[in-house]
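One structure is given below, encoded as structure tokens.
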Amino acid sequence: MAQATYDIWVKGSPEKNELGDCPFSHRMMMTMEEKGISYHKNLLDEQKMPDWIKDVCDGQKQIPFMKENDSGKWLYDSDKMVPYLEDKYPDTKKLGKPDECPQVGKELFPTKFIEFLTSKPGEDEDKKKKALIAELQSVNDHLEKSGKPYFGGDDVCATDLSMAPKIKHIKIGADEVKGWQVPSDLKALHAWMGRMSERDSWKKTYYTEQYVRDGWNLKVKKLSEES
């Protein structure tokens, strides 16, 4: 078998051979699937990340990161990797660089989402919930106004591939931690998410809802202990 163009390290369970709940890993794999770039995924337990990762990620332990196998170049940070691939492979499907695509929901994830999850019941929670809904409303309104199926128009762009994993986390995480659901009247947002979940790039990079639920329970518990 020919060597993949990239080796990418993403969150997951090596023991179970299952993808984990990292929206940024999800974004990168969806991007490579949509562009038709071959890759081999390596699963990393986020609690057992080896020290050598610091050597290839400028002293940081983070995922996702990847190695370009023909050049030996290491890349990390999805905000940098996405535009790199767009420049590197001009003859593949055009997704656009993030700063060239619709700028929506910039404060949505993780800022407004985590502020809501960690809010205390009462006035603080209500305030944070309203702020989160306002961000979701802005995403919905953009889709509704455009009248197109995707942020990219008739097909996906970099914004779609960045936003979809985040909305997945918001829908599942908010329900798990707060018992709250994204309002049903955000019809354009829900319809768009339905279309995204039917794409091959989504299905090939799927991870279970339970991983998302468990992940946010742990995250919120850790943040509460630190505050």
I'd like the antiparallel share, as a percent to the nearest 5, of DSSP beta bridges with both residues in the chain. 65
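What dipole magnitude, in Debye to the nearest 20, does the stretch 168-216 give about its Cα centre under +1 on Lys/Arg Cβ and -1 on Asp/Glu Cβ?
On the way: 9 positive and 7 negative charges, 37 e Å.
The calculation lands at about 180 debye.
What do you get for Rg/Rh over the stretch 1-106 if you use C-alpha atoms and the Kirkwood form of Rh? Walk me through the numbers before you get to the answer.
Values: Rg = 14.0 Å, Rh = 14.5 Å.
Using Cα coordinates only, the ratio equals 0.96.
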Apply the a/c threshold of 1.5 to the C-alpha gyration tensor of the stretch 108-227 and tell me whether it is rounded, prolate or oblate. oblate
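Once you have the Cα-Cα distance between Asp99 and Asp141, take 0.36 nm times their residue separation minus that, and quote the gain in nm to one decimal.
The Asp99-Asp141 span can extend by a further 13.2 nm.
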Interchain or long-range residues, amide H under 5 Å from Lys73's placed H: Glu68
If you count only protein heavy atoms and use a 1.4 Å probe, how large is the accessible surface of Glu144, to the nearest 10 Å²? 120
Rounded to one decimal in nm, the spacing of the 7 Å Cα→Cβ label points at Lys48 and Asp91 is 4.2
Considering the zone a paramagnetic label at Asp155 would reach in this model (a point 7 Å from Cα along the Cα-to-Cβ line), which residues of the stretch 68-98 have amide N under 13 Å from it? 91-96
About the Cα centre of the stretch 68-124, what is the dipole size in debye to 20, counting +1 per Lys and Arg Cβ and -1 per Asp and Glu Cβ, all else neutral? 120
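Determine the dipole magnitude for the chain: charges of +1 sit on the beta-carbon of Lys and Arg, -1 on that of Asp and Glu, nothing else is charged, the reference point is the Cα centre, and the result goes in debye to the nearest 20. Write down the numbers at each step before the final one.
Working: 37 positive and 41 negative charges, 51 e Å.
Roughly 240 debye, rounded to the nearest 20.
What is the stretch 78-147 by shape, rounded, prolate or oblate, if you read a ≥ b ≥ c off the alpha carbon gyration tensor as root eigenvalues and call it rounded for a/c under 1.5, prolate for a/b larger than b/c, and oblate otherwise?
Working: a/c = 5.33, a/b = 2.08, b/c = 2.56.
Verdict is oblate for the stretch 78-147.
Ordering Lys94, Lys168 by accessible area with a probe of 1.4 Å, largest first, what comes out? Kindly include the intermediate steps, with their values, before the conclusion.
Details: Lys94 135, Lys168 15 Å².
Of Lys94, Lys168, the descending order of accessible area is Lys94, Lys168.
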How far is the Cα center of the stretch 124-143 from the Cα center of the stretch 150-196, in Å? 13
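Students often get this wrong, so check it: of Lys67/Lys148; Lys61/Lys94; Lys80/Lys112; Lys178/Lys222, which have C-alpha atoms separated by over 28 Å?
Details: Lys67/Lys148 35 Å; Lys61/Lys94 30 Å; Lys80/Lys112 23 Å; Lys178/Lys222 16 Å.
Flagged as over cut-off: Lys67/Lys148; Lys61/Lys94.
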Ordered by number, the trypsin sites (Lys or Arg not before Pro) in the stretch 185-227 that occupy a DSSP loop and have at most 13 other Cβ atoms within 10 Å are Lys204
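May I ask you to give the percent of accessible area on the chain that is carbon plus sulfur, with a probe radius of 1.4 Å?
Details: 5550 of 11790 Å².
Exposed carbon and sulfur together represent 47 percent of the surface.
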Over the stretch 48-175, how many percent of alpha carbon pairs lie in each 5 Å bin up to the one with the longest distance? 2, 9, 15, 16, 16, 16, 12, 9, 4, 1, 0, 0
Rh (Kirkwood, all Cα-Cα pairs) for the stretch 125-183, Å, reads 12.5
Point-to-point label distance, Lys73-Lys61, nm (Cα→Cβ direction, 7 Å offset): 2.8
Expected unfolding gain across Tyr206-Glu225 under the 0.36 nm per residue rule, minus the alpha-carbon gap, is 3.8 nm
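Could you state the accessible area per residue of the chain in Å², with a 1.4 Å probe and every protein chain left in place? Don't skip to the answer; put the middle values down first.
On the way: 11790 Å² over 227 residues.
Result: 52 Å² of accessible area for each residue.
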Selection from Met32, Gln181, Trp216 lying farthest towards where the dipole of the chain points positive, charges on Cβ: Gln181
What does the C-alpha gyration tensor say about the overall shape of the chain? Classify as rounded when a/c is under 1.5, otherwise prolate if a/b is larger than b/c, or oblate. oblate
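The values are calculated or read from the model by the stated rules, or taken from the named source; none is laboratory data. Source: prediction; values computed, not measured. Counting neighbours? That spans all protein chains shown, and the Cβs are built from the backbone with ideal geometry, glycine included. Keep in mind that these areas ignore ligands, DNA and RNA; they rest on the heavy atoms of the full protein, side chains included. Shrake-Rupley method; radii C 1.70, N 1.55, O 1.52, S 1.80 Å.
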